[in-house]
Structure formats: structure tokens, C-alpha cells
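See below for the structure under consideration.
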Amino acid sequence: MRKLFVFSLIIALLTGLAFGKLIIGVIGKSVHPYWSQVEQGVKTAGKALGVETRFFVPPKEDINAQLQMLESFIAQGFSGIAIAPSDPSAVIPTIKKALEMGIPVITLDTDSPKSGRYVYIGTDNYSAGYMAGTIMKKLLNGKGKVVIGTGSLTAMNSLQRIQGFKDAIKGTNIKILDILNDEEDGARALSLAESALNAHPDLDAFFGVYAYDGPAQALAVKNAGKVGKIKIVCFDTTPDILQYVKKGIINATLGQRPYMMGYLSVTVLYLMNKIGVTNTLMMLPKVGNDYVIDTGVDVVTPDNLDEYLKMMEKLGIPIKF
């Protein structure tokens with residue numbers, strides 16, 4: 001199915017059918033290197049396809065700012081919109097409004113399946129969370145105390161990762177002491193990690209759900225002189241995270257391939273305008289009755305870090321730190 005999608009995309013590009021100027025908008029969640037990689041994918045796809053792109057993220061997790069920009073894109077008559085909703089319920093009326101006006105809407109990174117959006121592009125967050133829990137289970141030999149840090153208690157990607165993690169450690173002697181919400185604020189993430197260490201001197205591990213969490217937890221562990229004593233499993237492969245992986249402070253991180261999320265979002269919305277929504281959906285993979293493009297994850301550890309960096313460089317996404 002994926003080969004068919006790629007083949008059909010190539011055919012669509014080669015046909016060169018006359019088409020008016022397309023403007024595609026992508027709305028992310030916060031200012032962060034993770035979303036910079038998404039933006040890079042958006043811009044690269046736009047340039048390759050001859051599409052004008054607009055990319056927006058609020059300074060930090062802010063559903064109202066997302067909704068305002070979504071309304072603005074609709075009012076300007078954009079050709080397609082991709083959004084990573086901080087609150088899957090809050091975006092439903094506005095996404096439905098766009099769809100009723102004939103503007104294709106898809107989600108990336110985090111989903112809102114009840115909104116009517118056509119496609120979700122991103123990580124299978126439950127499976128990735130389960131993978132993180134499985135890694136943690138091995139690191140702790142099935143017993144220990146864990147604190148979870150996240151940037152949202154409403155976004156589906158956060159909730160699904162946490163649930164997957166919980167399910168993976170069921171039947172073990174691993175106990176989750178707390179789930180801390182930093183609202184995608186780096187300073188707050190660090191403060192919460194430090195408070196957790198003070199409140200739980202017998203803490204064995206941190207699980208970082210969002211890109212802010214792993215580095216904050218690693219810095220807190222380093223400053224507390226507990227490197228090697230406290231395990232860290234987190235998400236994303238931004239330079240600050242990989243620096244801690246290299247030092248062995250972060251034991252494992254799950255890279256989400258954000259560049260591909262941005263690139264594929266623009267590509268799918270382009271095709272929906274060029275060959276129609278129905279024809280585009282026919283080429284996409286389905287999970288049950290839903291259309292989902294799983295961009296996959298990369299598990300990066302101190303042992304395979306060099307190999308991962310070489311792979312990213314070959315893809316044209318060099319990571320420097």
C-alpha cells in the first residue's frame with residue numbers, strides 16, 4: 001500500500017496538470033527544535049511541489065492560539081490545513097467548519113479523530129509509549145519507582161503514550177509515583193523534575209513524554225549527582241536530548257521523525273487538491289476504518305547513537321550538538 005502511495009505521488013508530480021497557486025497551512029504546538037524539524041519538512045515539500053506554505057506554532061502549548069490561527073487560515077481560504085491539536089475536543093467545531101467550506105484538514109503529531117479530519121500523520125503513540133515502557137521494564141529489571149513528565153494532560157499523543165507505558169509495565173513491580181505537567185515550558189519542566197527528586201529520594205527513573213521532558217530530567221539528575229542511579233527513557237531526538245544520550249545520562253529516547261510528518265502533511269494536502277480527496281484517500285493505508293500514516297519511531301541509545309546520526313545525515317537532516 002505504501003509503495004502504491006509513493007508510485008501514485010510520482011505520477012501526480014510528473015503529470016504537471018495546470019493548477020492555481022496552492023497555499024497550505026501547518027499549525028504545530030510550541031516553539032521547540034522538534035517543531036523546527038517539522039517546519040523544515042513543510043518548507044522542503046512546499047518547494048518541491050511548488051506550493052506556498054505557512055507554518056505557525058505558539059510560544060508554548062496554547063490551544064486558543066492554535067484556534068485563532070486555524071480560523072485565520074480558514075478566513076484566508078487556504079487550500080489545505082494540517083494541525084497538531086493541543087486539545088482534540090476543542091478543535092472539533094473549527095475543523096468541521098473548514099471541511100464544510102471545502103478546505104481539506106488533516107492532523108499531524110497528535111490527533112483529533114472525532115473532528116472529521118481526513119488523515120492522521122504521525123507516530124502510533126500508544127505503541128511508542130508501550131515500547132518506552134518495555135525499555136523501562138528492562139532497565140529496572142521489573143521493579144522500581146518512576147515519575148512521568150509531560151507537556152499536556154489533554155493532547156491525545158500524551159495520553160496515548162502514557163497509557164501505552166502503563167500497559168507495558170503491568171504485572172511488574174514498577175510503580176508510577178506521579179505525572180507532572182510542564183505545559184511545554186522548559187523552565188517549568190526542570191523545576192518539576194528537581195521537585196520530584198527532592199520529594200522522592202528513592203526515585204529510580206523518569207519517563208519523559210514530550211521533547212522538553214528528557215533534557216530537563218537529565219539536567220536535574222546530573223545536578224543532583226545521580227547519573228547512573230536514575231534511569232531516563234524519553235521521546236524525541238533533538239540535539240539537546242542526543243547530547244545527554246551521548247553522555248549516558250539518558251538511557252534511551254524514541255525519535256519520531258518529525259521532518260517526515262511535515263513533509264507528508266504538505267504532500268497529502270497537495271494531492272487532495274490536485275487529484276481530489278477521495279482519490280488521495282484510496283492510496284493511503286487504513287487502520288480499521290480510519291486513514292493513518294504511521295511515520296514510525298527510532299529507538300536511540302548510547303550504543304547506537306553514532307549509527308543514528310549517520311542515518312539522519314544521509315537523509316539530509318544532519319543533527320549537530
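The values are calculated or read from the model by the stated rules, or taken from the named source; none is laboratory data. Note that the structure is a prediction, hence the values are computed from the model and not measured. Using ideal geometry, Cβ is built from the backbone for each residue, glycine included, and neighbour counts are taken over all protein chains shown. Ligands, DNA and RNA are excluded from the accessible area calculation, which covers all protein heavy atoms including side chains. Shrake-Rupley method; radii C 1.70, N 1.55, O 1.52, S 1.80 Å.
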Percent carbon-and-sulfur accessible area, the chain, ignoring ligands, DNA and RNA, probe 1.4 Å: 55
Computed [θ] at 222 nm, helices only, for the chain once each DSSP H run of length n ≥ 4 contributes -39500 (n - 2.57): -14500 deg cm²/dmol
Most mobile of Q163, Q76, Q66 in a GNM of the chain (Cα contacts under 10 Å): Q76
Percent antiparallel among DSSP beta bridges (both partners in the chain, rounded to 5): 10
Positive-end residue of G164, A218, G77, charge dipole of the chain with Cβ unit charges: G164
Positive-end residue of S30, S152, L254, charge dipole of the chain with Cβ unit charges: L254
The chain: relative contact order in percent, alpha carbon pairs under 8 Å with at least 6 residues between: 20
Within straight-line cross-link reach of K47, lysines at Cα separation under 26 Å, skipping those fewer than 8 residues along the same chain: K3, K21, K29, K274, K310, K314, K320
Among 174-181, 243-250, 313-320, the order from most to least packed when residues are scored by Cβ within 10 Å on average: 243-250, 174-181, 313-320
Distance from region 203-225 to region 253-270 (C-alpha centre basis), Å: 27
Structure-derived semi-axes √(5λ) of the Cα gyration tensor in Å - corresponding label in [x] 36, 20, 17; [y] 39, 27, 20; [z] 47, 25, 16: [x]
Three-way shape call for region 126-194 based on the alpha-carbon gyration tensor, with the a/c threshold at 1.5: oblate
Probe 1.4 Å, accessible area per residue of the chain, Å²: 43
Packing-based ranking, highest mean first, of 301-312, 44-55, 109-120 given that Cβ atoms within 10 Å are counted: 109-120, 44-55, 301-312
Point-charge dipole on Cβ atoms (K/R +1, D/E -1) for the chain, about Cα centre, debye to 20: 600
Residue-wise HN-Hα coupling along region 66-72, computed from phi with Karplus coefficients 6.51, -1.76, 1.60 (Hz; x: Gly, Pro): 4, 5, 4, 5, 4, 4, 5
